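As structure tokens, the structure follows; a few thoughts come after it.
The values are calculated or read from the model by the stated rules, or taken from the named source; none is laboratory data. These numbers come from a predicted model, not from an experiment. Cβ placement follows ideal geometry from the backbone for every residue including glycine, while neighbour counts extend to all protein chains displayed.
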Amino acid sequence: MNSIESIIVAIVEGLTEFLPISSTGHMIITEKLLSITPTDFTKLFTVAIQLGAILAVVVLYWKKFFDFKKWQFYVKLAAAVVPALILGLLFSKKIDLLLESALTVSITMLAGGVVLVFVDRFFSKPQIDTEEKIAFPKAIIIGCWQCLAMIPGMSRSAASIIGGMQQGLTRSAAAEFSFFLAVPTMLAATGYKLLKYFKEHGGFTSAEIQQLAIGNLVAFVVALLAIKFFISFVKKYGFKVWGWYRILLGLVLLILIYKGYIQ
């Protein structure tokens, strides 16, 4: 992976991390279209640059994250992230293997797309419109929903948003809580992957550090714009358009795989 390729992948990450269309799936597709050879570093890169994207959430919602008087907010996030931490540690190797599968991405794209097309109808009577009204048990259940995103192509954002709506949250409240939940989840995932790579490879080369720095910076800037766009779009139009996008992309991927353009 060269610098130009890493910037392209980071742009894709920033655009898709908080949309319900799977940032990991899009990065896998992008890397295959660019003919980037899968290595331990490229796998690390797709996880580590998500740190830049989630820092965009902290910047945009800094009042929320640094209001230490409202300790319940931090406890909810800590409780909600526990299921993902446990399953992530238990199935880390299997998840890494799935990261190489374009077929897995295409199937989960289709399945998630079908759900998003109808999700607004399924949960049409929300009662919770702010994070403060989310009870601790509901936060934990949303965290369990988030675990579905360990399957590449599912989308962490989509899984947690659907989980939030299933628990009675409005579209915008579910999206925002999904953003908040991304921070501890991806901090833990990134920290674990960086430490594991450091131990297995004896550190990072200067080129790898440079690529990670540039990738995180690009993902951060692009994510800032994507988050603002997504919240305003969801309030007006809901999730159906993202569902149809996922279905179309899933079908295109299956065709490309069948024709041999993507292995």
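Worth a mention:
- Of the numbered criteria (1) farther than 20 Å from K193 by Cα; (2) at pLDDT below 85; (3) surrounded by 20 or more Cβ atoms within 10 Å (Cβ to Cβ), the one K32 fails is (3).
- Of all residues in the range 46-88, those satisfying the criterion of being out of contact with any Lys or Arg (no Cβ under 7 Å at 6 or more places or on another chain), among the small types (G, A, S) and buried (at least 17 other Cβ atoms within 10 Å of the Cβ) are G52, A53, A56, A80, A84, G88.
- Looking only at residues in the range 1-16 that are within 18 Å of S206 (Cβ to Cβ) and either touching a Pro at 6+ places or on another chain (Cβ under 6 Å) or touching a residue at least 24 places away in the same chain (Cβ under 8 Å) (or both), the one that is surrounded by the fewest Cβ atoms within 10 Å (Cβ to Cβ) is S3.
- Close pairs from the range 17-43: first part of a loop (DSSP other than H, G, I, E, B), partner aromatic (F, W, Y), Cβ under 7 Å, at least 6 apart: F18/F179; F18/F230; L19/F230; L19/W242; P20/F239; P20/W242; I21/W242; I21/Y245
- Residue selected from the range 123-168 under the condition at pLDDT below 85 and in a helix (DSSP H, G or I), by the criterion nearest to K43 (Cα to Cα): M150
- Some residue of the range 241-248 being assigned to a helix (DSSP H, G or I), more than 20 Å from the chain's Cα centre (by Cα) and either within 18 Å of A175 (Cα to Cα) or in contact (Cβ under 8 Å) with a residue 12 or more places away in the chain (or both): no
- Residue selected from the range 109-126 under the condition closer than 24 Å to V81 by Cβ and touching a Leu at 6+ places or on another chain (Cβ under 9 Å), by the criterion surrounded by the fewest Cβ atoms within 10 Å (Cβ to Cβ): P126
- Number of residues in the range 98-122 that are modelled with pLDDT under 90, over 18 Å from the mean Cα position of the chain (by Cα) and not aromatic (F, W, Y): the value is 4.
- Verdict on F180 being over 29 Å from S106 (Cβ atoms) and surrounded by 20 or more Cβ atoms within 10 Å (Cβ to Cβ): yes
- Which numbered condition T170 fails, given (1) in contact with a Pro (Cβ under 9 Å, 6 or more places away or on another chain); (2) within 20 Å of V59 (Cβ to Cβ): (2)
- Listed conditions (1) aromatic (F, W, Y); (2) assigned to a helix (DSSP H, G or I); (3) modelled with pLDDT of 90 or more are all met by F204, apart from (2).
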